[in-house]
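Written below as structure tokens is the structure these notes are about.
Every number here is computed from the coordinates shown, using simple stated rules; none is lab data. The structure displayed is predicted, hence computed values, not measured ones. All Cβ positions, glycine included, derive from the backbone under ideal geometry; neighbour counts span all protein chains shown.
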Amino acid sequence: MVIRMTSWKAPWTRLILIAGAFLLFMPGAFSQYDYNPNCQHAYEAILSLRFSEARTLIAIEKKAGPGNLIPVYLENYIDFLTLVIGEERGVYDRLKTNRSKRIKVLEQGKDDTPYYNFCLGELHLQWALAKLKFGDYSSAAFEIHRAYAFFSANEARYPSFLINKLGMGVVHVMAGLVPDNYKWISNLIGFEGSIDDGLSEIKEVAGYHGTDKMIRMYKPEAAFFLAFLALNLQKDKRDALPLLDLLKTQPDGESSLKSPLLIFARASILLKNGFSNDALAVLQERRVLSQTFPFCYLDYLEGMARLNNLDYSAAVYFERFIAGFRGMNYIRSASQKLAWIALLKGDSAGFYQKTSQVLKLGSSLVDEDKQAEYEATTGTVPNIILLRSRLLFDGGSYDLALRELLNNSVKTIVKSKRDFIEYTYRLGRIYHETGYLVKALDNYNQTIARGKNEPYYFAAGAACQMGLIYENKGAYARADSAYHLCLSIKPREYKTSLHQKAKAGLNRLKKVQPKI
């Protein structure tokens, strides 16, 4: 009799086959970083704030390639832009629970590709920027540290992987901006940053002229970061103007320029340089589409572009911004601008009514909102002549701004100590911008002498501007003293931005230290 015995191996074989089939669909078993056309198109949609379209493409890719981890990175990118543009605290608290889950998934991928370190570095960098936006500074410092570690590993292993320089550049800039009185943050970050080196790294990506499709795809993002950082950190705001041509030479041509992020970058450069009409033309290129994530700040910018021309239709855009934005920043500033418009129109009752609204919405995290809050809480009524001169100056109408000051007697304009300090500051800014540097320095010195112990920002601003004049002339010792003087003054208004610019100036001077 032949006895048929079931082999003891059979159940185990079946179990292994079943387990293998199961593992095939588990994240991490065959996880990879495949930046294929689906993912590329999703990235491009994200950069244009077409999040619904991007999510559809991501869903298609997840179904087609369940082991591909690039969609995880892209989903985090959507969260990042949602937070830094939308600025809603409740959304931040909800979305930040995704962070650790995504890190764990990304770490399961193969590390034999530059996209392993790149995606993890980008994720930490994105969360660093989001956490800074919501005031989680120590946690943001940890994220910067982790981002630097991943980007550094990539740089060592894949030195020709150019898009790595985008993230590394932003990290270097962020670390270079830590104020001296926040050394504990520097200790958490764990490395020294360099603003100039960071900008140079970003520029390598933004100015790429080769044929590599992936690098070309990241050019608009690099151009955006470069424009934003250069505008706020370089010694001369005019240094950002050449970036307008760079922004126009993006791979997708006109479609790329229509990205709300690049419209923001272009308009910001133009506004900072006094080209309000050109900025207005750029802002009017934007299209408000239902499938595009709302970038309400562009309404605020259009309001500023109009107000700088003393065009009171600006009120429509400030009101639209306040009504549509659910975030934290620039709400109080927009309410302040509505009060200014009422004042300029001779509507005193409207001015006080709008001023009473300043503290009811928004917060006071950014300098513009702090200044609006200070003006509202102290009951400050702007001097109309000085306000008109300020706005005309910001709009690039320097002759008209100067005429406001010189066509009226000092006694007619100056009604208080603050008025006198602001008067010399406004003269200094106009003479500085029009090239009369001796007159500019004289007025800046008068501003500092009268205002360095006052809560207003004029003295700190004058010291920072003096630093720029001396730096551009090669008088580095004087520039160093002026920047340190700016840092020693603690105004109630615009302190953060002025001290940031002074810090950036001192960082630049380190490279010419032997000349000091």
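For the range 467-516, place one equal point scatterer on every Cα, skip the solvent, and apply the Debye formula. What is log10 of I(q)/I(0) at q = 0.13, 0.23 Å⁻¹? Here log10 of I(q) over I(0) equals -0.27, -0.75. Pairwise over distinct Cα atoms, reciprocal of the mean inverse distance: report the Kirkwood radius of the range 382-516 in Å, one decimal place. Over the range 382-516, the inverse of the mean reciprocal pair distance is 15.0 Å. Summary of the geometry: the range 442-502 and the range 273-336, compared by the centres of their Cα atoms, lie 30 Å apart.
Computed from Cα positions, the angle between helix 164-176 and the longest principal axis of the chain comes to roughly 40 degrees. With respect to the chain, whose longest principal axis is taken over its alpha-carbon atoms, helix 213-233 is tilted by about 30°.
With +1 on each Lys and Arg Cβ and -1 on each Asp and Glu Cβ, and nothing else charged, work out how big the dipole of the range 366-465 is about its Cα centre, in Debye to the nearest 20. With Lys and Arg at +1 and Asp and Glu at -1, about 440 debye. May I ask for the angle, rounded to the nearest 10°, between helix 260-272 and the longest principal axis of the chain, with both axes built from Cα atoms and the value confined to 0 to 90°? For helix 260-272, the angle is close to 20 degrees.
Placing unit charges on the Cβ atoms only, positive for Lys and Arg and negative for Asp and Glu, gives the range 453-511 a dipole magnitude near 240 debye about its Cα centre.
Residues L298, L241 in ascending order of nearby Cβ atoms (within 10 Å, fewest first): L241, L298.
To make sure I understand, if each residue's beta carbon is the centre and we count other beta carbons within 10 Å, what order do K452, K370, K511 fall in, fewest to most?
Details: K452 19, K370 22, K511 11.
Fewest to most other Cβ atoms nearby, the residues stand as K511, K452, K370.
Check the straight Cα-Cα distances from K510 and name the lysines below 25 Å, setting aside those fewer than 8 residues away within the same chain. List returned: K165, K183, K203, K235, K237, K473, K490, K495, K501.
In the chain, helices alone account for a calculated mean residue ellipticity at 222 nm of -22000 deg cm²/dmol, with every DSSP H run of four or more residues adding -39,500 (n - 2.57).
A simple packing score, the average count of other Cβ atoms within 10 Å per residue, orders the peptides 378-385, 460-467 as 460-467, 378-385, with the highest score first.
In the range 382-516, a dipole from Cβ-located charges (positive for Lys and Arg, negative for Asp and Glu) runs towards its positive end, and of T496, I469, I384 it is T496 whose Cα lies farthest in that direction.
Measuring between their Cα centroids, the range 131-148 and the range 152-171 lie 19 Å from each other.
Lys and Arg at +1, Asp and Glu at -1: add these up for the other residues within a Cβ distance under 15 Å of Y33 and post the number.
In short, -3.
With Cα atoms defining each centre, the range 40-66 and the range 388-405 are spaced 47 Å apart in the structure.
Per-residue counts of other Cβ atoms within 10 Å, averaged by peptide: what ranking do you get for 343-350, 414-421, 269-276, highest first? Mind showing how you got there, number by number?
On the way: 343-350: 13.2, 414-421: 16.4, 269-276: 21.5.
Ranking, from highest mean packing down: 269-276, 414-421, 343-350.
Residues I70, I202, arranged from fewest to most other Cβ atoms within 10 angstrom of their Cβ, appear as I70, I202. Compactness ratio for the chain: Cα radius of gyration over 2.2 N^0.38 Å (N = residue count) comes to 1.13.
No solvent, one uniform scatterer per C-alpha: report log10 I(q)/I(0) for the range 37-252 via the Debye equation at q = 0.11, 0.16 1/Å, two decimals. Log10 of I(q)/I(0), two decimals: -0.53, -1.19. Under the rule a/c < 1.5 gives rounded, and otherwise a/b versus b/c splits prolate from oblate, where does the range 62-178 land using the Cα gyration tensor? Oblate shape, in that a/c is at least 1.5 and b/c is the bigger or equal ratio. Charge dipole of the chain (Cα centre as origin; +1 on each Lys and Arg Cβ, -1 on each Asp and Glu Cβ, all else neutral): 700 debye, rounded to the nearest 20.
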